[in-house]
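One structure is given below, encoded as C-alpha cells.
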Ligand SMILES: [Ca+2]
Ligand SMILES: [Ca+2]
Ligand SMILES: [Ca+2]
Ligand SMILES: [Ca+2]
C-alpha cells in the first residue's frame, strides 16, 4: 500500500513537472516564439515575418503591435503618435513606425496604426515579456 502511495505521488510530481515544461512552450500566435519570449503575444511576429521581434524603442512591445511611438505616460495611441507616423510616412526616419518590418513606413503600416488608434485600451501589445512597459526591457 505504501509503495503504491509513493508511486502515485511520484507520478503526480512527474505530471506537474511535465505541465511546467509544457507551459513554457505555449505559442499562442503560432509564430515559433514561445509566449514567455514573444513581444507581441497575439500577433505573429516570429522568424517567418519581417517584423521578427524587432522592438525599436525597447519597451518590451514589438514594433508589430506597438503604435505608442512616444511612450507617453498615458500609454495611449493618440494624435502625438500620428504626428510621428506622418513624419516617417513623408520621408522622416523610419523605426518604430515600421510595423511590418519591410524597412519603410507605408500604407500597410498605417493600417496597423489606425487599428490601434481606434481600438480599445490597451491600444498596443499585449507582450509576453515580464519587463514590458519598462525601457529598456531586458528579458
Ligand atoms: Ca508566439
Ligand atoms: Ca508574436
Ligand atoms: Ca516597442
Ligand atoms: Ca513597413
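Selection of the range 48-61 for residues being near ligand 3 (Cβ under 6 Å from one of its atoms) and either within 13 Å of residue 131 (Cα to Cα) or crowded, with 22+ Cβ neighbours inside 10 Å (or both) yields 55, 59, 61. For the range 94-111, the set of residues classified as part of a loop (DSSP other than H, G, I, E, B), more than 15 Å from ligand 3 (Cβ to nearest atom) and closer than 13 Å to residue 49 by Cβ consists of 102 only.
All of 91, 50 fail the test of being at positive phi and part of a loop (DSSP other than H, G, I, E, B), apart from 91.
Scanning the range 92-106 for residues that are within 16 Å of the chain's Cα centre (by Cα) and exposed (fewer than 13 other Cβ atoms within 10 Å of the Cβ) turns up nothing. In the set 126, 136, only one residue is surrounded by 12 or more Cβ atoms within 10 Å (Cβ to Cβ), away from ligand 4 (no atom under 16 Å from the Cβ) and closer than 19 Å to residue 58 by Cβ; that residue is 126. Scanning the range 75-91 for residues that are under 19 Å from the mean Cα position of the chain (by Cα) and surrounded by fewer than 21 Cβ atoms within 10 Å (Cβ to Cβ) gives 75, 76. A search for C-beta distances below 7 Å between a residue of the range 79-99 that is over 17 Å from residue 118 (Cβ atoms) and modelled with pLDDT under 95 and any residue that is away from ligand 1 (no atom under 16 Å from the Cβ) and not in a loop (DSSP other than H, G, I, E, B), counting only pairs 6+ apart in sequence or on different chains, returns 94/88. Among the residues of the range 115-139 satisfying the criterion of being part of a helix (DSSP H, G or I) and out of contact with any helix residue (DSSP H, G or I) (no Cβ under 9 Å at 6 or more places or on another chain), which is modelled with the highest pLDDT? Of everything passing the filter in the range 115-139, 115 is modelled with the highest pLDDT. Take the residues of the range 57-87 that are within 16 Å of ligand 2 (Cβ to nearest atom) and part of a loop (DSSP other than H, G, I, E, B): which is farthest from residue 137 (Cα to Cα)? Looking at residues that are within 16 Å of ligand 2 (Cβ to nearest atom) and part of a loop (DSSP other than H, G, I, E, B), I get 67.
The values are calculated or read from the model by the stated rules, or taken from the named source; none is laboratory data. Everything numeric here is computed off the predicted structure, so don't read it as measured data. Using ideal geometry, Cβ is built from the backbone for each residue, glycine included, and neighbour counts are taken over all protein chains shown.
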